[in-house]
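The values are calculated or read from the model by the stated rules, or taken from the named source; none is laboratory data. Just so we're clear, the structure is a prediction, and the values are computed from it rather than from any experiment. Here the Cβ positions follow ideal geometry from the backbone for every residue, glycine too, while neighbour counts run over all protein chains shown. The protein model used for the area step is the full one, side chains on, heavy atoms only, and it has no ligands, DNA or RNA in it. Shrake-Rupley method; radii C 1.70, N 1.55, O 1.52, S 1.80 Å.
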Amino acid sequence: MSTPLPLRIADWSGQQLASNLAAGAVVVDYGAACARIRVPDALPSFLHAFATVYQNFPAWCREERPFADFHIEMQASKGVRRWWRPQVHFAIDGIRPFEPFSDANALPHYEWGLNWSFGQRCNQYVLLHAGAVSEASRAVIMAAPPGSGKSTLTAALMLSGMRLLSDEFGVVCPQSGLLKAMLKPVALKNEAIDV
């Protein structure tokens, strides 16, 4: 039995997306890994930002794609924090590896947590901290330390016609030697946006 073709996040209405996220039924394909996402509490700032940033990403409902590499939950803080300076927790497989963030920064918290998850759990691959783009059957891996401009260069190469594989990880399969995509929105900030 073949896996059904995915929808895009934009193919769901806002209510369908919120309902599917609340049920933990959204599986997003990042290329080398898939993540099932659950948002049990109403986090409007996260839902809106996620729907906007991820609108063109392929996604399945849990019934169509029962396997996921990661099971991620974005949880609103309980008690007084629900109303006073609300916060959100990132959890992977029930573990909270980080302190909570302001719920206004829930999407960046999700992104950073997802990067951490890739780095900690994708042990079947060789992971390089790098931007990666391809053209035809060739690829360029641009390994560099944080803040050196690799995301800016990766985005510029993508906008000039190359295929984006990742701005965060060069993912190499050690058995085949092939480079795999690890797609996430490119994180540009400050002067990099104008560049």
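Here are the numbers:
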quantity	calculated
So Leu21, is it under 20 Å from Ala76 (Cα atoms), open to solvent by 10 Å² or more (accessible area, probe 1.4 Å) and part of a helix (DSSP H, G or I)	no
Filtered residue count, the stretch 170-195, keeping only those that are surrounded by 14 or more Cβ atoms within 10 Å (Cβ to Cβ) and assigned to a helix (DSSP H, G or I)	1
For Thr52: the one exception among (1) farther than 23 Å from Val186 by Cβ; (2) free of Cβ contacts under 8 Å to residues at least 12 places away in the same chain	(1)
Ala10 being open to solvent by 60 Å² or more (accessible area, probe 1.4 Å), in a helix (DSSP H, G or I) and out of contact with any strand residue (DSSP E or B) (no Cβ under 8 Å at 6 or more places or on another chain)	no
Within the stretch 115-169, strands (runs of 3 or more DSSP E) holding 1 or more residues that are open to solvent by less than 20 Å² (accessible area, probe 1.4 Å) and of a type in the set (Gly, Ala, Ser)	126-135, 163-166
Filtered residues of the stretch 178-195 (kept if at pLDDT 90 or above and not hydrophobic (A, V, I, L, M, F, W, C))	Lys180
Residues of the stretch 26-56 satisfying the condition of being at pLDDT below 90 and open to solvent by less than 10 Å² (accessible area, probe 1.4 Å)	Leu43
Cβ-Cβ under 8 Å pairs, at least 6 apart or on other chains, the stretch 168-187 side free of Cβ contacts under 8 Å to residues at least 12 places away in the same chain, far side open to solvent by less than 60 Å² (accessible area, probe 1.4 Å) and not in a loop (DSSP other than H, G, I, E, B)	Leu178/Val172
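To keep it simple, each residue is scored yes or no on (1) touching a residue at least 12 places away in the same chain (Cβ under 8 Å); (2) of a type in the set (Phe, Trp, Tyr); (3) farther than 16 Å from Tyr30 by Cα.
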{"residue": "Tyr110", "(1), (2), (3)": "yes, yes, no"}
{"residue": "Leu114", "(1), (2), (3)": "yes, no, no"}
{"residue": "Leu127", "(1), (2), (3)": "yes, no, no"}
{"residue": "Gly131", "(1), (2), (3)": "yes, no, no"}
{"residue": "Ala136", "(1), (2), (3)": "no, no, yes"}
{"residue": "Ala139", "(1), (2), (3)": "yes, no, yes"}
{"residue": "Ala144", "(1), (2), (3)": "yes, no, yes"}
{"residue": "Thr152", "(1), (2), (3)": "yes, no, yes"}
{"residue": "Leu157", "(1), (2), (3)": "yes, no, yes"}
